[in-house]
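The values are calculated or read from the model by the stated rules, or taken from the named source; none is laboratory data. Because the structure is predicted, anything quoted here is derived from the model rather than measured. As a convention, Cβ positions derive from the backbone with ideal geometry for all residues, glycine included, and neighbour counts pool all protein chains shown. Heavy atoms of the whole protein, side chains included, go into the accessibility calculation; ligands, DNA and RNA do not. Shrake-Rupley method; radii C 1.70, N 1.55, O 1.52, S 1.80 Å.
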Amino acid sequence: MSDFSVKPVLTGDRTVLRPFTEADAEVMAEIIEDPEVVRFTGAPSGELTLERLRSWYGTRSEQPDRLDLAVTDRGTGELVGEAVLYEWDSNARSCTFRTLIGPRGRGRGLGTEATRLIVGYGFEQLGLHRIELEAYGYNSRALRVYEKAGFVVEGVRREADLRDGEWVDWVIMGILDREWAALSSTAR
């Protein structure tokens, strides 16, 4: 099991996942502030100044315990979101996954491919045993993407968050290395 200090470039048919740089901060600011991103990921904690975002994205490649990759459109090179493996537990060979795709990347299969690329890297290159995630129960598009990538619903944290005056559920999903290996390359 290696750590997350290597920051790869992962290339698919539609997307390229690459390490972040400070220069990505402005586009990521637009993406993070998109109303749909806020609806499905929650509002950022604290004010997201450009300086703070430059510092954040400029230091992602230095983090040995997590993998933050920029999701780009392979055809245009445009930055459309991020895919992240974090909360790494080296003893359990597990981590948590999250992703967000901005408005210019939606509805074209980029998020689905980005999910498969980073999850595949986690299992095939990093030797992970388990990858888990949490998503709002009302985020049906994301839940479909995760199911297509092989994630299985493991449980629901009922009414775990208060959003806009409404109680909402968190859906907990996971995938194991043997489940990933059993998927045919066409299913991925």
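Obtain the radius of gyration and the Kirkwood radius of the stretch 118-158 from its C-alpha atoms and give Rg over Rh.
Working: Rg = 11.5 Å, Rh = 11.4 Å.
Over the Cα atoms of the stretch 118-158, Rg/Rh equals 1.01.
At a probe radius of 1.4 Å, what is the per-residue accessible area of residue 145, in Å² to the nearest 10?
Around 30 Å² of this residue is reachable by solvent.
Fully extended, how many nm does the chain gain between residue 9 and residue 74 (0.36 nm per residue separation, minus their Cα-Cα distance)?
Numbers: separation 65, 0.36 × 65 = 23.40 nm, distance 1.18 nm.
Taking 0.36 nm per residue and subtracting the Cα distance, the gain is 22.2 nm.
Tell me the per residue accessible area of the chain using a 1.4 Å probe; a whole number in Å² is fine. Show your work: numbers first, answer last.
On the way: 9610 Å² over 188 residues.
Normalised by residue count, the accessible surface of the chain is 51 Å².
Going by a ≥ b ≥ c, the root eigenvalues of the Cα gyration tensor, does the stretch 91-188 fall in the rounded group (a/c under 1.5), the prolate group (a/b larger than b/c) or the oblate group? Present the calculation step by step, with values, prior to reporting the outcome.
Details: a/c = 2.14, a/b = 1.38, b/c = 1.55.
Oblate shape, in that a/c is at least 1.5 and b/c is the bigger or equal ratio.
Can you tell me how the chain classifies by the Cα gyration tensor, rounded, prolate or oblate, using a/c under 1.5 as the rounded cut? Could you put the intermediate results ahead of the total?
Numbers: a/c = 1.35, a/b = 1.06, b/c = 1.27.
In terms of gyration-tensor shape, rounded.
Tell me, what ³J(HN,Hα) does each residue in the stretch 169-180 have, in order and in whole Hz, if you take phi through Karplus 6.51 cos²θ - 1.76 cosθ + 1.60 with θ = phi - 60° and put x for Gly and Pro?
8, 9, 9, 9, 10, x, 9, 9, 4, 5, 5, 4
Ignoring ligands and nucleic acids, what accessible area does residue 94 show with a 1.4 Å probe (Å², nearest 10)?
20
Enter the accessible area of residue 32 (Å², nearest 10), with the probe set to 1.4 Å and all protein chains included.
Approximately 30 Å² for this residue.
Roughly how big is the stretch 58-115's charge dipole about its Cα centre, with Cβ charges of +1 (Lys, Arg) and -1 (Asp, Glu), in debye to the nearest 20? Working shown, then result.
Working: 8 positive and 9 negative charges, 50 e Å.
Once rounded to the nearest 20, the dipole reads 240 debye.
Along Cα→Cβ, 7 Å out, is where each label goes; now give me the distance between the ones at residue 152 and residue 164 in nm to one decimal.
Spacing of the two 7 Å Cα→Cβ label points: 3.4 nm.
Specify whether the C-alpha gyration tensor of the stretch 58-128 places it in the rounded, prolate or oblate class, a ≥ b ≥ c being the square roots of the eigenvalues: rounded for a/c under 1.5, otherwise prolate if a/b is larger than b/c and oblate if not. If you can, show how the numbers build up before the last one.
Numbers: a/c = 2.41, a/b = 1.77, b/c = 1.36.
Prolate, since a/c reaches 1.5 and a/b exceeds b/c.
Please compute the net charge surrounding residue 106, taking Lys and Arg as +1 and Asp and Glu as -1 over other residues with Cβ under 10 Å from its Cβ. It would help to have the intermediate numbers written out before the result.
On the way: positive: 104, 108, 141; negative: 34, 36.
It works out to a net charge of +1.
Ordering 88, 56, 167 from largest to smallest accessible area (1.4 angstrom probe), what's the sequence? Kindly include the intermediate steps, with their values, before the conclusion.
On the way: 88 65, 56 95, 167 150 Å².
Putting 88, 56, 167 in descending order of accessible area: 167, 56, 88.
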